[in-house]
1. How far, in degrees from 0 to 90, does helix 98-117 lean away from the longest principal axis of the Cα atoms of the chain, to the nearest 10?
2. Specify which residue in the list Ile263, Ile107, Asn187 is farthest towards the positive end of the charge dipole of the chain, using unit charges on the beta carbon of Lys, Arg (+1) and Asp, Glu (-1), about the Cα centre.
3. Relative contact order for the stretch 157-293: what is it in percent, counting Cα pairs under 8 Å that are at least 6 residues apart?
4. Which entries in the list Lys184/Lys205; Lys84/Lys109; Lys22/Lys86; Lys190/Lys223; Lys106/Lys127 go over 26 Å, if you measure between the two C-alpha atoms of each?
5. With the chain treated as a Gaussian network of Cα nodes joined by springs under 10 Å, which of Lys211, Lys169, Lys180 yields the largest mean-square fluctuation?
6. How high is the relative contact order of the chain, in percent, with contacts defined as C-alpha pairs under 8 Å that are six or more residues apart?
7. Just going by the charge dipole of the stretch 1-56, with Lys and Arg at +1 and Asp and Glu at -1 on Cβ, which of Ile39, Met1, Val16 is farthest out on the positive end?
8. To the nearest 20 debye, what charge dipole does the chain have about its Cα centre, counting +1 at the Cβ of each Lys and Arg and -1 at the Cβ of each Asp and Glu?
Amino acid sequence: MYSIEISSDSGFCFGVINAIDKAETILNNNETLYCVGDIVHNEQEIKRLESMGMNIIPIDDSLKLSNQTILFRAHGEPKASYNKVKIGKNNLIDATCPIVLALQDKIAKAYSSSIKNNSQIIIFGKKTHPEVIALLDKTENNGIVIEQINDIDFIDFLKPIEIFSQTTKAPKEYQEICEKIKFKSKNTLKIHDTICKQVSSRGEKLQEFSKTKEVVYFVGGAKSSNSKVLFSLCKQVNSNTYFIESERDIDSKILYNKTKIGICGATSTPQWLMQKVMQFVDSEMKQIMSGIT
Ligand code: SF4
C-alpha cells in the first residue's frame with residue numbers, strides 16, 4: 001500500500017486569504033474588479049479568479065479607469081499608487097496585509113528618526129519585489145536594499161544602522177546578513193525581527209514533514225519568494241523533493257517503488273491545487289500498483 005499526505009502547514013496565509021476573500025466577494029456580485037499586480041504569486045489561482053472576471057492591471061492602467069473597483073493585494077503599494085487610483089474617483093479595496101502595514105509604519109517611524117540622528121535604514125529583501133518597493137517608499141527611497149551579502153558594501157558602517165527584513169525572507173539568511181553587519185558596524189545597530197511568523201514557523205514544520213516522506217512534491221508559483229525559500233528548506237532534508245506548479249509537472253517514473261508521498265506548498269499555494277495534485281498522484285499510484293504502466 002501507499003500513503004499520500006498533504007502537509008497541514010501548507011497553503012494560504014491569512015494575508016492572502018483576506019485579499020482573495022475580498023476579491024471573491026466583489027466578483028460574486030458580478031461586479032468588475034481590477035487588481036493591481038498578481039493577487040497572489042500563483043498562476044493557477046490567478047487563472048481561477050480571472051475566469052470569475054478579475055482583471056490584473058499594472059498600476060498605470062488605473063489612470064485610464066474611472067468609478068471602477070480597484071484592489072491592492074497583500075504586498076502593499078507605495079503612496080504614488082494610492083494617488084493614481086484616486087484620480088479617476090475609483091473605489092479602492094485595500095487588501096494590504098496588516099502585518100505588512102505594521103512593518104511599513106515601523107519603517108516610516110525609523111526613517112523619520114533617521115533624519116535627526118543621521119542613521120541608515122536597511123531593508124533585506126528583493127529590490128523588485130512589490131512589498132520591498134512599498135517599504136522603501138516609506139524612506140522616500142533613501143533606504144538601502146540588501147539582496148545578498150555583497151550588497152552590504154553600500155552601508156556606511158560609521159553611521160548608526162536600523163535593519164528590517166521583507167516579511168517572506170528566510171530567517172537563516174536574514175540572521176547571517178545581520179551577523180555580518182554586526183561584525184562590521186562601528187556605531188549603534190538596531191535589528192528588527194520582521195519576518196512574518198506565518199513564514200518563519202513553516203520552514204521547520206515542512207522540514208519535519210519532508211523527512212518522513214520518500215518523495216515530496218512542493219507545489220508553488222515560479223514567481224513566489226516564499227515558495228523558493230520553503231522548497232529549498234524541504235530539499236535540504238529530502239533530496240527527492242520536486243518543485244511543481246501543477247500536476248502537469250509530475251514525472252510519474254519517480255513514483256515507482258515509492259510508498260510514502262508528501263505534498264506541501266507555500267503561503268501562496270491554494271489548497272484546491274494541492275488536492276488536485278493529490279488526486280493525480282493517487283491515480284498514478286493506482287496504475288503503478290496494478291502494473292498497468
Ligand atoms: S506572509 Fe505574512 S505578511 Fe505576508 S501576506 Fe501572508 S500573513 Fe501577511
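The values are calculated or read from the model by the stated rules, or taken from the named source; none is laboratory data. Just so we're clear, the structure is a prediction, and the values are computed from it rather than from any experiment. Virtual Cβ from ideal backbone geometry, glycine too; neighbours counted across all protein chains shown. Surface areas here come from the heavy atoms of the whole protein model, side chains and all, with no ligands, DNA or RNA. Shrake-Rupley method; radii C 1.70, N 1.55, O 1.52, S 1.80 Å.
1. 30 degrees
2. My answer, from the dipole projection, is Asn187.
3. Result for the stretch 157-293 is 23 percent.
4. On the way: Lys184/Lys205 33 Å; Lys84/Lys109 24 Å; Lys22/Lys86 19 Å; Lys190/Lys223 31 Å; Lys106/Lys127 19 Å.
In this structure, Lys184/Lys205; Lys190/Lys223 exceed 26 Å between Cα atoms.
5. Comparing Lys211, Lys169, Lys180 in the GNM, the peak value goes to Lys180.
6. It comes to 22 percent, rounded to a whole number.
7. The listed residue farthest towards the positive side: Ile39.
8. Charge dipole, the chain, about its Cα centre: 600 debye, nearest 20.
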